[in-house]
Every structure is written in C-alpha cells, then in structure tokens.
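> Here's a structure for you.
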C-alpha cells in the first residue's frame with residue numbers, strides 16, 4: 001500500500017481576514033480546536049466594567065449591523081445589552097471565562113455554531129509568511145485498487161488546486177474512490193467547488209453552491225456563486241464514497257452535502273455537526289474577538305443547507321466502522337455488520 005502526503009509552499013494566507021474570500025477565515029480557527037471555542041494562550045488580565053461594556057457594545061454592533069439573520073441579530077444584541085444592565089457579567093474577571101460565557105449565550109439564542117467570542121488572537125500561532133504549509137491531503141491506494149484521500153482542510157485555492165491535481169492524477173485509474181472528511185474542520189468554498197469538479201461531467205458547467213451575504217447595516221443581501229471548473233483529470237462513471245462524522249464541519253460538510261445533492265457520491269458515516277454560516281473576525285480590543293456570521297450557504301439543488309442539522313449520511317455507520325463499510329462497498333461486497 002502506497003502512501004504520501006502532499007506539501008505545498010505558501011505565504012500566510014489572507015483567508016483569516018477577508019469575509020468574502022472565505023469560510024476558511026473562521027472555519028480554520030474552528031478546525032484547529034475541533035470546531036470548538038478557541039482560546040489561544042495569552043496573558044490573562046482581569047476585566048473591569050469599562051472593558052466589559054466596550055466589548056458588549058462591539059458585539060451588539062456587529063450583531064445588529066452584520067448578522068446574516070437580522071431579526072436574530074437584534075434579538076441577540078438586545079439580550080447581551082440587557083445582561084450588562086442586569087450585572088450578569090459583574091462577577092466575571094477572567095477574559096477566557098467571559099468569552100466562553102458570551103459564546104454560550106449567543107449560541108443559545110442563534111443556534112449558530114459559527115457564532116463565537118474568542119480570547120487571545122488566533123493569528124498568534126500562524127506560521128511566518130515563507131513557512132511551508134500542508135495542503136491537507138493524504139493519499140493512498142488501498143488493496144483492491146481503491147483510491148483513498150484523507151483531507152484535513154480546504155486551504156485557499158492557490159494552495160489547494162495543485163495539491164488536488166496531484167492527488168487525483170495519482171488515483172484516476174482506481175476502480176473506486178474514498179474521500180475521507182471525518183477530520184475536516186472547514187476551509188475555503190472555492191476549494192470545495194474545485195474538488196467536486198473532478199467528480200462531474202467536464203462537458204457541463206455545474207452550479208455547485210451559493211453564499212448569501214448580508215449587506216452591512218441593511219436587510220438586503222448579495223449572492224456569491226460557485227461553479228464547477230476544468231480539472232486536468234476527471235473521476236466519473238466509477239463509485240465515489242465520502243466519509244463523514246461529528247468532527248466534519250462547515251466547508252467539510254459542504255463538500256459532502258453538495259456531492260450528495262448532485263448525486264456524484266455516496267455519503268457514509270455519522271451525522272455531521274451542522275455549521276453553514278461563514279463570517280469574519282472582529283477585534284473588540286483587550287485581546288477579545290467576535291465571530292458574527294455574515295453569510296449563509298444555499299445549495300441550488302435543495303435550496304437549503306446543513307446548518308443546525310448536519311449532513312445526513314446515505315449509509316449510516318459508526319465512526320469506527322465508517323472506513324470499513326466504505327472499503328467493502330468499494331469492492332462490491334456487502335456492508336459489514338458493524339454498519340448501523
């Protein structure tokens with residue numbers, strides 16, 4: 001069995017800065033800690049009322065001006081401002097605890113797992129501009145001439161495309177393909193569209209996904225569309241299996257959801273986490289940051305997304321048995337009894 005990891009060189013990407021350029025901005029932060037609240041190591045300092053008031057004011061502004069669901073944004077802003085007036089945060093002096101409390105409060109109202117408050121800059125652990133960056137691919141050829149790709153993340157397209165081209169060229173002659181998204185915490189939507197393009201008829205341009213962005217300070221929206229694009233090889237007419245689980249998040253979920261909607265792959269595993277609303281990172285001062293989603297995914301086939309519900313697999317299997325089930329199916333064998 002052959003195995004290799006594809007490494008690419010890249011400058012520090014801008015996908016943690018630009019809203020429109022990325023789901024990757026926040027999803028990369030989320031995937032670093034299994035899509036949970038990120039608290040980067042930082043020097044703790046006690047909060048005072050002035051700082052707390054400033055932070056609440058900044059969060060409320062972002063919610064009212066930018067949240068993709070305006071009504072919920074107003075509701076959440078009103079709630080944190082009321083909590084401030086009622087001295088709910090008076091006893092909290094640790095900024096990490098404050099960030100977690102706010103995150104839980106905002107998520108309870110919005111039911112949005114992309115919504116979060118972070119203590120400690122997520123940029124602090126980023127590599128220097130010239131440092132090597134792993135494109136996230138691990139490629140294997142399994143017994144029975146089955147191709148296997150484990151993909152940890154969807155990095156920006158300029159890094160992702162050459163790595164995807166190399167991976168797919170190496171597996172194009174296999175009898176079946178397994179794409180493992182069980183550890184994929186998210187990334188760039190353009191890279192999602194590019195990987196799906198390998199699985200589609202190159203003679204047709206296919207509409208894969210839309211991101212609906214709120215125009216700041218308004219109740220109007222704009223649409224960013226993602227379409228299939230030419231790839232050096234294509235993997236069509238052969239079975240493709242996408243593996244998912246509870247750690248599959250955001251853009252990782254989008255890949256499974258879009259492939260399922262386009263009927264170009266069979267999704268196997270456990271239901272995914274359910275994060276479909278990308279957004280930007282806002283510096284609130286005092287080493288505190290807020291992520292307020294300013295967009296939402298909308299699939300052109302289903303006219304919906306996986307937000308709050310996750311991707312439902314076509315074939316249910318326990319997390320431990322998911323790969324075994326996919327390999328058996330790829331070889332044309334009955335699914336093992338470990339499948340649910």
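The values are calculated or read from the model by the stated rules, or taken from the named source; none is laboratory data. Small disclaimer: the values here were computed from a predicted structure and weren't measured. Positions of Cβ are generated from backbone atoms using ideal geometry, with glycine treated the same way; all protein chains shown enter the neighbour counts.
> Given the condition modelled with pLDDT of 95 or more, more than 22 Å from the chain's Cα centre (by Cα) and under 17 Å from residue 282 (Cα atoms), answer yes or no: does some residue in region 99-120 qualify?
No: region 99-120 contains no residue that is modelled with pLDDT of 95 or more, more than 22 Å from the chain's Cα centre (by Cα) and under 17 Å from residue 282 (Cα atoms).
> Counting just the residues of region 269-288 that are in a strand (DSSP E or B) and surrounded by 24 or more Cβ atoms within 10 Å (Cβ to Cβ), which one comes out farthest from the chain's Cα centre (by Cα)?
To start, the set of residues in region 269-288 that are in a strand (DSSP E or B) comprises 269, 279-285, 288.
Now narrow it down to the ones that are surrounded by 24 or more Cβ atoms within 10 Å (Cβ to Cβ): 269, 279, 288.
Values: 269: 18, 279: 11, 288: 22 Å.
If we take residues in region 269-288 being in a strand (DSSP E or B) and surrounded by 24 or more Cβ atoms within 10 Å (Cβ to Cβ), then 288 is farthest from the chain's Cα centre (by Cα).
> Restricting attention to region 273-283, which residues are farther than 11 Å from residue 68 by Cβ and in contact with a strand residue (DSSP E or B) (Cβ under 6 Å, 6 or more places away or on another chain)? Explain how you work it out, then say what you get.
Here is the first cut: in region 273-283, the ones farther than 11 Å from residue 68 by Cβ are 273-275, 280-283.
281, 282, 283 - these are the residues of region 273-283 that are farther than 11 Å from residue 68 by Cβ and in contact with a strand residue (DSSP E or B) (Cβ under 6 Å, 6 or more places away or on another chain).
> Pairs only if they're at least six apart or on different chains, beta carbon under 7 angstrom, first in region 45-67 and farther than 19 Å from residue 107 by Cβ, second at pLDDT 95 or above and surrounded by fewer than 17 Cβ atoms within 10 Å (Cβ to Cβ); list them, first residue then second.
Final answer for the pair search is 65/216; 65/217.
> Name the residue, out of 333, 316, that is at pLDDT below 95, under 15 Å from residue 241 (Cβ atoms) and outside any helix (DSSP H, G or I).
Answer to the check: 333.
> Tally time: how many residues in region 148-163 are in contact (Cβ under 8 Å) with a residue 40 or more places away in the chain and touching a helix residue (DSSP H, G or I) at 6+ places or on another chain (Cβ under 7 Å)?
Here the count works out to 4.
> Another question, then. Do we find a residue being surrounded by fewer than 17 Cβ atoms within 10 Å (Cβ to Cβ) and modelled with pLDDT under 95 anywhere in region 74-85?
no
> Suppose we filter 228, 250 for residues that are touching a helix residue (DSSP H, G or I) at 6+ places or on another chain (Cβ under 6 Å), without any contact (Cβ under 8 Å) to a residue 40 or more places away in the chain and crowded, with 20+ Cβ neighbours inside 10 Å; which single one remains?
Numbers: 250 fails: without any contact (Cβ under 8 Å) to a residue 40 or more places away in the chain.
Among 228, 250, only 228 is touching a helix residue (DSSP H, G or I) at 6+ places or on another chain (Cβ under 6 Å), without any contact (Cβ under 8 Å) to a residue 40 or more places away in the chain and crowded, with 20+ Cβ neighbours inside 10 Å.
> With surrounded by fewer than 24 Cβ atoms within 10 Å (Cβ to Cβ), touching a residue at least 60 places away in the same chain (Cβ under 8 Å) and under 20 Å from residue 192 (Cβ atoms) as the only criterion, which of 266, 302 stands out? Break it down stepwise before answering.
On the way: 302 fails: touching a residue at least 60 places away in the same chain (Cβ under 8 Å).
From the options 266, 302, the qualifying one is 266.
> Name the one entry in 233, 172, 155, 244 that is farther than 24 Å from residue 302 by Cα, surrounded by 24 or more Cβ atoms within 10 Å (Cβ to Cβ) and not assigned by TED's automatic domain parsing to the domain that holds residue 72. Working first, answer last.
Working: 233 fails: surrounded by 24 or more Cβ atoms within 10 Å (Cβ to Cβ); 172 fails: surrounded by 24 or more Cβ atoms within 10 Å (Cβ to Cβ); 244 fails: farther than 24 Å from residue 302 by Cα.
Testing whether each residue is farther than 24 Å from residue 302 by Cα, surrounded by 24 or more Cβ atoms within 10 Å (Cβ to Cβ) and not assigned by TED's automatic domain parsing to the domain that holds residue 72 leaves just 155.
> Right, next: Would you tally the residues in region 124-137 being in contact with a strand residue (DSSP E or B) (Cβ under 8 Å, 6 or more places away or on another chain) and either surrounded by fewer than 14 Cβ atoms within 10 Å (Cβ to Cβ) or modelled with pLDDT of 95 or more (or both)? Please lay out each step first, then the result.
Just the residues of region 124-137 that are in contact with a strand residue (DSSP E or B) (Cβ under 8 Å, 6 or more places away or on another chain), to begin with: 127, 130, 132-137.
Add one more test, that the residue is either surrounded by fewer than 14 Cβ atoms within 10 Å (Cβ to Cβ) or modelled with pLDDT of 95 or more (or both), and what stays is 127, 130, 132, 137.
Of the residues in region 124-137, 4 are in contact with a strand residue (DSSP E or B) (Cβ under 8 Å, 6 or more places away or on another chain) and either surrounded by fewer than 14 Cβ atoms within 10 Å (Cβ to Cβ) or modelled with pLDDT of 95 or more (or both).
> Take the residues in region 86-117 that are part of a loop (DSSP other than H, G, I, E, B) and touching a residue at least 60 places away in the same chain (Cβ under 8 Å), then tell me which one is surrounded by the fewest Cβ atoms within 10 Å (Cβ to Cβ). Please lay out each step first, then the result.
First pass over region 86-117, keeping only residues part of a loop (DSSP other than H, G, I, E, B): 86-94, 111-115.
Right, trim to touching a residue at least 60 places away in the same chain (Cβ under 8 Å) and you get 111-115.
Working: 111: 12, 112: 25, 113: 21, 114: 27, 115: 27.
Selected residue: 111.
> So, residue 332, is that one surrounded by fewer than 20 Cβ atoms within 10 Å (Cβ to Cβ), in contact (Cβ under 8 Å) with a residue 60 or more places away in the chain and out of contact with any strand residue (DSSP E or B) (no Cβ under 8 Å at 6 or more places or on another chain) or not?
Spelling it out, it is not the case that residue 332 is surrounded by fewer than 20 Cβ atoms within 10 Å (Cβ to Cβ), in contact (Cβ under 8 Å) with a residue 60 or more places away in the chain and out of contact with any strand residue (DSSP E or B) (no Cβ under 8 Å at 6 or more places or on another chain).
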